[in-house]
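The values are calculated or read from the model by the stated rules, or taken from the named source; none is laboratory data. For clarity, every value in this text was computed on a predicted model and none was experimentally measured. In this analysis, Cβ positions are derived from the backbone assuming ideal geometry, glycine residues included, and neighbour counts consider all displayed protein chains.
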Amino acid sequence: MNDSSGEFLNNMKKAVALKYVPGKTEAPVVVAKGKGNIAEAILQKAKENGIAIQEDAALVEVLSKLDLDQQIPPELYQLVAEILSYVYRSDASAGARRQE
């Protein structure tokens, strides 16, 4: 779309939340997704609960095509593993700073 409303829709923020419980699921599962106000609400909830947020527009675009409660497909394991690694490192750093 070339009109301003189309540009707004294309630039709307998107968010996808994943949950992974080792031993319970084989892979991370999509637990929330949305765009615009819903994306903002997802991000706000994550911040309120101390959940690390990683921005990756290309990955969000792919993940947003999955259904809720769907495990990520094997071809996304490597990308999501990198994100989870970042999250775990962030959590560890935050914990170490709190103990100082």
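The table that follows gives values for the structure above.
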{"read-out": "Region 63-74 residues that are touching a residue at least 40 places away in the same chain (Cβ under 8 Å), paired with ones that are part of a helix (DSSP H, G or I) (beta carbon under 6 Å, 6 or more apart)", "value": "Ile72/Val80"}
{"read-out": "Filter result (modelled with pLDDT of 90 or more and in contact with an Asp or Glu (Cβ under 8 Å, 6 or more places away or on another chain)) within region 16-61", "value": "Val29, Val30, Val31"}
{"read-out": "Conditions (1) at pLDDT 80 or above; (2) more than 17 Å from Lys33 (Cβ to Cβ); number of the one not met by Asp91", "value": "(1)"}
{"read-out": "Test for Asn37: is it over 10 Å from the mean Cα position of the chain (by Cα), over 24 Å from Arg89 (Cβ atoms) and loosely packed, with under 12 Cβ neighbours inside 10 Å", "value": "yes"}
{"read-out": "Scope region 26-44; condition of a type in the set (A, V, I, L, M, F, W, C) and in a strand (DSSP E or B); matching residues", "value": "Val29, Val30, Val31, Ala32"}
